[in-house]
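What follows is a single structure, written as structure tokens, with notes after it.
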Amino acid sequence: MSEKKILQYDIVILGAGPAGLSAAIYASRGAAKTAIIDISMFGGQPSNYLELENYPGLGKIGGYDMMEKFEEHADMFEIDKYPMQEIEKINLVPTIKTIETKEFIFETKTIILATGAQAKKLGIPGEKEFLGRGVSYCAVCDGAFYKDKVVAVVGGGNAAVEEGCYLTKFAKKVYIIHRRDQLRADKIVQERAFKNEKVEFIYDTVPVEIQGTDNVENFVIKNVKTNEITNLKVDGVFPYIGFSPNIEYINAQLEQNEAGFIVTDETMQTSVKGVFAIGDVRTTPLRQVITAAADGAIAGCYAIKYLEEVAEKTFV
């Protein structure tokens, strides 16, 4: 087996969504030798969104198109990009920190974690068993498979309601199931859904089990007020109940809150000097593309300041 190539950088950014790409732009403009790594292609979660309409200056834009613009902007600067990297180990504590992949060992004085978050699981029987056979966490990715079928969306926030409405482009019926008696989605999002004849809301209800043979056929749900059990005949289930941070390789090296999100200060500095966290992976009151990009700008600038404090910006 050949030895892994050692690559040395001033700043390494892990994650190439809006937070990571924004950080890369600011870091590179600060004359730091910068690399950005991702376990998949660049763009992060927004690449899977049908459209966004709340990013100032861009109006309504497809998620993939937006992230393409982010990457094109980053390409204006001297940033080394490493997509599709399989992470094996991360060591954040030493002065020279390391990220080890199947191919490389990245050595760096500063790491910016922009690993994002993933959809929370319902944690009920049948969810794992029917993944890809009726259970999906991405309406844009899989919606077309449900033409003229019936699907259920679980959740009451913007993502659940917006993706539920998107699914009506294909499905003949969409149930949106929420555990409370009121939605959490923005009023404008709610109003659109209420006007959609294909959408039916089921309140005060939680999922119990997903059933079927080869594919999803039945969704067992329970009213939390009456304890009544209902069997919904559906072809698909789309959970949108929030996100949990992607921290698999952090291994408690940083301070995290009770939900696992990384704790930072206002400069995006974590509990370990030289390590910053941005976007959905950190504690933040709002998880949006605009706040992720702003986090990236702050971290990029303060990573440069940190490098100035520890002297040279490059390896000798």
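Determine whether the range 115-127 contains at least one residue that is in a helix (DSSP H, G or I), surrounded by 21 or more Cβ atoms within 10 Å (Cβ to Cβ), outside the structural domain of CYS301 (by TED's automatic domain parsing) and of a type outside the set (Asp, Glu). Please lay out each step first, then the result.
If we filter the range 115-127 for residues that are in a helix (DSSP H, G or I), which is where we start, we get none.
The answer is no, given that none of the residues of the range 115-127 is in a helix (DSSP H, G or I), surrounded by 21 or more Cβ atoms within 10 Å (Cβ to Cβ), outside the structural domain of CYS301 (by TED's automatic domain parsing) and of a type outside the set (Asp, Glu).
Conditions (1) surrounded by fewer than 22 Cβ atoms within 10 Å (Cβ to Cβ); (2) charged (D, E, K, R); (3) free of Cβ contacts under 8 Å to residues at least 12 places away in the same chain; (4) farther than 23 Å from GLN211 by Cβ, marked per residue:
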position: TYR146; (1), (2), (3), (4): no, no, no, no
position: VAL151; (1), (2), (3), (4): no, no, no, no
position: GLY156; (1), (2), (3), (4): no, no, no, yes
position: VAL161; (1), (2), (3), (4): no, no, no, yes
position: ALA171; (1), (2), (3), (4): no, no, no, no
position: ILE177; (1), (2), (3), (4): no, no, no, no
position: ASP181; (1), (2), (3), (4): yes, yes, no, yes
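I'd like to verify a number: residues in the range 272-316 that are in a loop (DSSP other than H, G, I, E, B), modelled with pLDDT of 95 or more and of a type in the set (A, V, I, L, M), how many?
2
Identify, from the list ASP204, ASP214, ASP265, ASP235, the residue that is over 30 Å from LEU21 (Cα atoms) and either among the polar types (S, T, N, Q) or free of Cβ contacts under 8 Å to residues at least 60 places away in the same chain (or both). Quick ask: steps written out before the conclusion?
On the way: ASP214 fails: either among the polar types (S, T, N, Q) or free of Cβ contacts under 8 Å to residues at least 60 places away in the same chain (or both); ASP265 fails: over 30 Å from LEU21 (Cα atoms); ASP235 fails: either among the polar types (S, T, N, Q) or free of Cβ contacts under 8 Å to residues at least 60 places away in the same chain (or both).
Matching residue, one of ASP204, ASP214, ASP265, ASP235: ASP204.
Determine whether LEU286 is in the same structural domain as GLY30 (by TED's automatic domain parsing) and under 16 Å from ALA19 (Cα atoms).
Numbers: in the same structural domain as GLY30 (by TED's automatic domain parsing): yes; under 16 Å from ALA19 (Cα atoms): yes.
When the stated conditions are applied, LEU286 passes them.
So, ASN218, is that one part of a loop (DSSP other than H, G, I, E, B), farther than 15 Å from ASN158 by Cβ and not small (Gly, Ala, Ser) or not? Talk me through it step by step, then tell me what you get.
Numbers: part of a loop (DSSP other than H, G, I, E, B): no; farther than 15 Å from ASN158 by Cβ: yes; not small (Gly, Ala, Ser): yes.
Spelling it out, it is not the case that ASN218 is part of a loop (DSSP other than H, G, I, E, B), farther than 15 Å from ASN158 by Cβ and not small (Gly, Ala, Ser).
Criterion first (in the same structural domain as GLY300 (by TED's automatic domain parsing) and closer than 13 Å to PHE276 by Cβ) does ILE13 satisfy it?
Yes.
Just the residues that are buried (at least 18 other Cβ atoms within 10 Å of the Cβ) and either in contact with a Cys (Cβ under 9 Å, 6 or more places away or on another chain) or without any contact (Cβ under 8 Å) to a residue 12 or more places away in the chain (or both), please, taken from the range 238-262.
PHE238, GLN256
The values are calculated or read from the model by the stated rules, or taken from the named source; none is laboratory data. For clarity, every value in this text was computed on a predicted model and none was experimentally measured. Here Cβ is always computed from backbone atoms with ideal geometry, including for glycine, and neighbour counts include all displayed protein chains.
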